[in-house]
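Taking it in order: structure first as structure tokens, then the write-up.
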Amino acid sequence: MATVSDADQLVLRRLRWVLGLFVLGLVASGVTAFPLTLELKLLTSMLGGDAAAQTATSGGLVSSVFAVRDGLTDTQAKYPWMAYGTDWLAFAHIAIAVFFAGPLIDPVRNIWVLRAGVIACALVIPLALICGEVRGIPFGWRLIDCSFGVFGAIPLLYCLRLAAQLEHSRAAGVRAGR
């Protein structure tokens with residue numbers, strides 16, 4: 001059985017820590033998609049309730065938050081089954097997070113998951129820009145959505161670099177007969 005150097009242990013710990021935070025972010029974003037109506041009611045309450053909605057400038061962030069709350073509340077009252085779509089969105093985030101268990105255990109063997117994650121992050125950008133335009137989402141919101149892909153890719157690219165470092169170290173160890 002090959003021994004793992006202290007340097008490799010440090011690289012592996014870093015990778016697992018960063019990837020663990022990424023997985024927690026995926027799970028958190030999934031779980032928070034379940035209670036959207038409640039979350040929006042709490043947010044608008046913190047923004048000053050309906051008084052703020054009445055004084056919010058048209059097209060501003062505050063008025064947009066109130067418009068989303070009202071639209072979601074109305075939709076849920078008339079068509080509660082529509083929330084099933086966001087339930088599946090939440091589930092998808094959690095299911096995707098499960099795939100990262102492989103790289104947490106053996107990042108070299110499961111480097112393909114990290115690569116697929118980076119590709120998925122890159123695909124967030126055209127999805128947000130194209131579908132957001134089709135759905136009438138304000139450009140600023142689409143940029144915020146794009147940022148999830150950008151900021152999601154950063155830890156994954158770092159983990160890919162660390163996994164490649166581990167792979168190189170393992171290959172060097174095999175060549176040296178360790």
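The values are calculated or read from the model by the stated rules, or taken from the named source; none is laboratory data. Small disclaimer: the values here were computed from a predicted structure and weren't measured. Quick reminder, even Gly has a Cβ in these numbers, built from the backbone with ideal geometry, and neighbours come from all protein chains shown.
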- Item | Unique residue being over 17 Å from the mean Cα position of the chain (by Cα) and either closer than 17 Å to Phe22 by Cα or part of a loop (DSSP other than H, G, I, E, B) (or both) when the list is Gly117, Gly136, Gly152 | Gly136
- Task: Mind counting the residues in segment 30-48 that are assigned to a helix (DSSP H, G or I), over 16 Å from Phe99 (Cα atoms) and of a type in the set (Gly, Ala, Ser)?
- Result: 1
- Message: Which pairs turn up if I take residues in segment 8-20 that are within 10 Å of Leu104 (Cα to Cα) and look for partners that are aliphatic (A, V, I, L, M) and at pLDDT below 95 with beta carbon separation below 8 Å, at least 6 apart in sequence or on another chain?
- Response: Leu12/Val4
- Would you check which residues across segment 132-178 are among the aromatic types (Phe, Trp, Tyr), over 27 Å from Val113 (Cβ atoms) and exposed (fewer than 14 other Cβ atoms within 10 Å of the Cβ) and list them? Phe139
- Task: Return the residue satisfying two criteria in turn: it lies in segment 76-108 and is surrounded by 14 or more Cβ atoms within 10 Å (Cβ to Cβ) and without any contact (Cβ under 8 Å) to a residue 40 or more places away in the chain, and of such residues it is nearest to Glu167 (Cα to Cα).
- Result: Gly102
- Sole miss for Lys78 among (1) in the same structural domain as Gln9 (by TED's automatic domain parsing); (2) at pLDDT 95 or above is condition (1)
- Task: Kindly indicate whether Gly60 is modelled with pLDDT under 90 and on the phi > 0 side of the Ramachandran plot.
- Result: no
- Item | Yes/no for Asp74 being out of contact with any Gly (no Cβ under 6 Å at 6 or more places or on another chain) and either of a type outside the set (Asp, Glu) or farther than 29 Å from Val11 by Cα (or both) | yes
